[in-house]
C-alpha cells in the first residue's frame, strides 16, 4: 500500500502492520506470511480478545444503524488498544489450525447495489465511530479518503457516504 497521508495509522497503531487510519479507513503495509506481529486486522471466528479489554466498548451503540457490521472487529481491537492491550496476529506454522464450514451467503460476500451500499456505509461511518471513542482522526484525511473511494462503484458508495454524513452513527 502506498504511503499517502490519509492512510497514516492512528498514533496508537503506528507500529502495527494492519491498522485503522487517521481517516477511519483500514490500512496496512506488507503483511508477513510467517510469524507473530502486531495487527488490528482481526476478523470473525479466528480472533479472541480478553474480556477486560473490550467489556465497556459501546459496540452495539456504535453499530446500531449498521446492516453488515463491517469492521466491527477492528473497532473492538481499537478499544482494547486504547486500554493498553496489544493485539497480535499469528501466521504460518505458529498459527493454530482453524476449520471453517463455508456458507454460500454471508454478511460480506455477495454482489449488488445494497451490498456495496452497506459495506461502504460501515467503512465511511468508522470515522464517526472512532471519533466518538476519542481517536485522533482527521476530518481532512477522512474527506479526501471518501472522495478517493468514489472512483469505483460510485453510485452506491456516494449514496452510502451521504447517508453516513447525515446520520453520523
Flagged in segment 32-64 as closer than 15 Å to residue 88 by Cβ and in contact (Cβ under 8 Å) with a residue 40 or more places away in the chain, in numbering order, are 32, 34, 35, 36, 37, 38, 39, 40, 41, 42, 46
In segment 10-45, how many are over 22 Å from residue 140 (Cβ atoms) and not in a loop (DSSP other than H, G, I, E, B)? 7
Inspect all residues belonging to segment 91-103 and state whether any of them is touching a helix residue (DSSP H, G or I) at 6+ places or on another chain (Cβ under 8 Å), at pLDDT 95 or above and assigned to a loop (DSSP other than H, G, I, E, B). no
Filter result (exposed (fewer than 13 other Cβ atoms within 10 Å of the Cβ) and modelled with pLDDT of 85 or more) within segment 34-45: 34
Criterion first (in contact (Cβ under 8 Å) with a residue 24 or more places away in the chain, in a helix (DSSP H, G or I) and either under 17 Å from the mean Cα position of the chain (by Cα) or crowded, with 19+ Cβ neighbours inside 10 Å (or both)) does residue 163 satisfy it? no
Residue 87 is checked against (1) touching a helix residue (DSSP H, G or I) at 6+ places or on another chain (Cβ under 8 Å); (2) closer than 24 Å to residue 164 by Cβ; (3) at pLDDT 90 or above and fails just one. What number does that condition carry? (2)
So which residues in segment 56-70 are surrounded by 14 or more Cβ atoms within 10 Å (Cβ to Cβ) and either assigned to a loop (DSSP other than H, G, I, E, B) or touching a strand residue (DSSP E or B) at 6+ places or on another chain (Cβ under 8 Å) (or both), if there are any at all? 57, 63, 65, 66, 67, 68, 69, 70
What is the number of the single condition among (1) surrounded by fewer than 17 Cβ atoms within 10 Å (Cβ to Cβ); (2) part of a loop (DSSP other than H, G, I, E, B); (3) touching a strand residue (DSSP E or B) at 6+ places or on another chain (Cβ under 6 Å) that residue 48 does not meet? (3)
Of all residues in segment 142-155, which are surrounded by fewer than 19 Cβ atoms within 10 Å (Cβ to Cβ) and part of a helix (DSSP H, G or I)? 143, 144, 147, 148, 154, 155
When segment 121-141 is examined, which residues are found to be part of a helix (DSSP H, G or I) and touching a strand residue (DSSP E or B) at 6+ places or on another chain (Cβ under 9 Å)? 123, 126, 130, 141
Residue list for segment 74-89, filter: buried (at least 19 other Cβ atoms within 10 Å of the Cβ) and assigned to a helix (DSSP H, G or I): 74, 75, 76, 77, 78, 79, 80, 81
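The values are calculated or read from the model by the stated rules, or taken from the named source; none is laboratory data. Please read all numbers here as calculations on a predicted model, not as lab measurements. Glycine also receives a Cβ, built like all others from the backbone with ideal geometry; neighbour counts cover every protein chain displayed.
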